[in-house]
């Protein structure tokens, strides 16, 4: 009988399939799948109150593009 993987093992397997990138300012970090689908977004709470909403949006886009580009590169090799 097969054992169900433990939560930590499942999380590690999932993390191996996610490519992560940040914007230039370290404000946002985005994780994408190998197909480029955004599955994780993290915002640096120490900085978020110090930026304008438009800057936050730009940081989000920059991080997402970087993660998608990296995922495309890593999975095309």
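None of the figures in this text is laboratory data; all of them are computed from the coordinates on show. Keep in mind that what you see is a predicted model, and the values were worked out from it rather than measured. FYI the Cβ positions are ideal-geometry reconstructions off the backbone, even for glycines, and counts take in every protein chain you see.
Sorting 24, 49 on the 10 Å Cβ count, fewest up front, what's the list?
49, 24
Using all pairs of distinct alpha-carbon atoms, the Kirkwood hydrodynamic radius of segment 19-76 works out to 11.2 angstrom.
Exposure proxy for 33, 19, 72: other Cβ atoms within 10 Å of each Cβ, ordered fewest to most, give 72, 33, 19.
Remark: relative contact order (segment 19-76) = 45 percent; criterion is Cα-Cα distance under 8 angstrom and separation of 6 or more residues. Approximating the spin labels as points 7 Å out from Cα along Cα→Cβ, the residue 73-to-residue 42 distance works out to 2.1 nm.
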